[in-house]
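These notes are about the structure you will find just below.
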Amino acid sequence: MSEDIQHADDSEQAEPLGQHQIDAFWRDFSEQVGALEQLEPRDFVERANALLQPHAPDLALELEGNPREQGARLVVTAHGNIAQFENVQAMVRGAPRLDAYDVRGFRSRSLGRDFAMRMNDFELSCSDVLVAHYDAGGIVGLELSFERIIPHDMIDHARHMAFIMLDHVLGEWDFSVRVGPVEFVEAFSDNVDGAEPLSVFPPIFDAFQRDVLGRTYEYPREADDRWISLEVRARDGGDDQPPDLLSFHDSANALATRADLSHLLMWTFPFESQEELDAVRDAQDAMESELERMQRGILAFSRVENMSTRTAVFYVDDVAHASQLALRLGQENAPELRAELKVVYDPSWREFLALYGAIHAQDAASEDE
């Protein structure tokens, strides 16, 4: 068996940083960290970012805590630009061990959530912003309104400030990845919950993700594991065309948008006989078992198309590891077949949640009838 590995083009994904860029920055930082620690925190951050910019101009460093005290965090951020999130994670993976710092990716939530911002002589506090939420197809949709009257000529400015405050209150990953549509409204819709001040929203957001969207971020237990099997026909397909067969891992929803499972890996095999299909299924089942045993990935769904190809779609923590695992298991189970691996950076789990939303929308429609 041989493998073709493709990294899919994605208009929302930035050019990946090379390992030489990552290594060069951390080498520069490590050489100067002693001098940086003698500076005040603001100057520390400014100088550290001056070191970073030649290597990763779209990323930035922030400091949580005091550089002279234990427990300080060095945070790599993309300022909410999801196109750069893969580079943030690569920069964190490449960090050397630093005795005084815990290197993290993405800005954390602000500890003092009831804060105020002042920009262009206009001040807005978290208690001035009301937030309501709803299920937007497996992600959190938000409606925002203002608790106080905003001058007409400052409305756009106030809305911009509210977005910045949301990022600080929820944290960079939650706001960029786990929040979908955000709309400012004069009056809240009937299908939303909450309408609470932004200052108290984070625990509401967490509870909604856990209790309504089902995001425990824990691997499903075997006894509770749920799969859905469907036949899918193309709209323009004739009656003589066989339907595609979709096996959808409904319980994988519990892990959707987990930060360490950001890469989607599609593993496709051709087959011409039942014997070859059985070999393909054995290879892909072995991949599923091994990834889940190590908790390094999960099978999201599989699809048989035109009774000629079978694709298994996984979310994995490490593309290189998962690709090598696929190569080994393919050689062991289907050595005569030429497989294709396609990799997409998908932190929002768009491929999975598109199917999840469509399947459960059908379920809801059936219940209403």
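The values are calculated or read from the model by the stated rules, or taken from the named source; none is laboratory data. No experiment lies behind these values; they were computed from the predicted model shown. For neighbour counting, all protein chains shown are included, and Cβ atoms are generated from backbone atoms with ideal geometry for every residue, glycine included. What goes into the accessible areas is simple: the full protein's heavy atoms, side chains included, and nothing from ligands, DNA or RNA. Shrake-Rupley method; radii C 1.70, N 1.55, O 1.52, S 1.80 Å.
Looking across segment 54-112 at every residue that is of a type in the set (Ser, Thr, Tyr) and in a strand (DSSP E or B), the one that is nearest to the chain's Cα centre (by Cα) is identified as Thr77. For segment 190-216, the candidate set comprises residues that are open to solvent by 50 Å² or more (accessible area, probe 1.4 Å) and assigned to a loop (DSSP other than H, G, I, E, B); within that set, the residue that is nearest to Ala256 (Cα to Cα) is Thr216.
Each row is one residue, and each column tells you yes or no for (1) closer than 30 Å to Ser127 by Cα; (2) open to solvent by less than 40 Å² (accessible area, probe 1.4 Å); (3) small (Gly, Ala, Ser); (4) in contact with a Phe, Trp or Tyr (Cβ under 9 Å, 6 or more places away or on another chain).
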{"position": "Ala35", "(1), (2), (3), (4)": "no, no, yes, no"}
{"position": "Pro41", "(1), (2), (3), (4)": "yes, no, no, no"}
{"position": "Leu52", "(1), (2), (3), (4)": "no, yes, no, yes"}
{"position": "Asp58", "(1), (2), (3), (4)": "no, no, no, no"}
{"position": "Gln84", "(1), (2), (3), (4)": "no, yes, no, no"}
{"position": "Ala95", "(1), (2), (3), (4)": "no, yes, yes, yes"}
{"position": "Asp99", "(1), (2), (3), (4)": "no, no, no, no"}
{"position": "Arg104", "(1), (2), (3), (4)": "yes, no, no, no"}
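Selection over segment 198-238 of residues that are within 26 Å of the chain's Cα centre (by Cα) and touching a residue at least 40 places away in the same chain (Cβ under 8 Å) gives a count of 16.
Yes/no matrix, rows are residues, columns are (1) out of contact with any Pro (no Cβ under 8 Å at 6 or more places or on another chain); (2) surrounded by 13 or more Cβ atoms within 10 Å (Cβ to Cβ); (3) free of Cβ contacts under 8 Å to residues at least 60 places away in the same chain:
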| site | (1), (2), (3) |
| --- | --- |
| Arg109 | no, yes, no |
| Phe122 | yes, yes, yes |
| Val131 | no, yes, no |
| Gly137 | yes, yes, no |
| Glu143 | yes, yes, yes |
| Ile149 | yes, no, yes |
| Met161 | yes, yes, yes |
| Asp167 | yes, yes, no |
| Phe184 | yes, yes, yes |
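Among the residues of segment 186-193, are any touching a helix residue (DSSP H, G or I) at 6+ places or on another chain (Cβ under 9 Å), in contact (Cβ under 8 Å) with a residue 12 or more places away in the chain and over 30 Å from Leu327 (Cβ atoms)? Yes, the conditions are met somewhere in segment 186-193.
Looking across segment 237-260 at every residue that is assigned to a loop (DSSP other than H, G, I, E, B) and of a type outside the set (D, E, K, R), the one that is surrounded by the fewest Cβ atoms within 10 Å (Cβ to Cβ) is identified as Gly238. Of all residues in segment 261-284, those that are open to solvent by 60 Å² or more (accessible area, probe 1.4 Å) and free of Cβ contacts under 8 Å to residues at least 24 places away in the same chain total 3. So which pairs qualify, if the first residue must be in segment 323-345 and under 30 Å from Ala14 (Cβ atoms) and open to solvent by less than 70 Å² (accessible area, probe 1.4 Å), the second must be part of a helix (DSSP H, G or I) and small (Gly, Ala, Ser), the Cβ gap must be under 7 Å, and the two must be at least 6 apart or on different chains? Correct list of pairs: Ala339/Gly330; Leu341/Ser323; Leu341/Ala326.
When you scan segment 295-310, do you find a residue that is open to solvent by 60 Å² or more (accessible area, probe 1.4 Å) and without any contact (Cβ under 8 Å) to a residue 24 or more places away in the chain, even just one? Among the residues of segment 295-310, not one is open to solvent by 60 Å² or more (accessible area, probe 1.4 Å) and without any contact (Cβ under 8 Å) to a residue 24 or more places away in the chain, which makes the answer no. Among the listed residues Leu51, Leu17, Leu39, Leu61, which satisfies the condition of being touching a residue at least 40 places away in the same chain (Cβ under 8 Å), touching a helix residue (DSSP H, G or I) at 6+ places or on another chain (Cβ under 9 Å) and on the phi < 0 side of the Ramachandran plot? Leu17 is the lone residue from the list that is touching a residue at least 40 places away in the same chain (Cβ under 8 Å), touching a helix residue (DSSP H, G or I) at 6+ places or on another chain (Cβ under 9 Å) and on the phi < 0 side of the Ramachandran plot.
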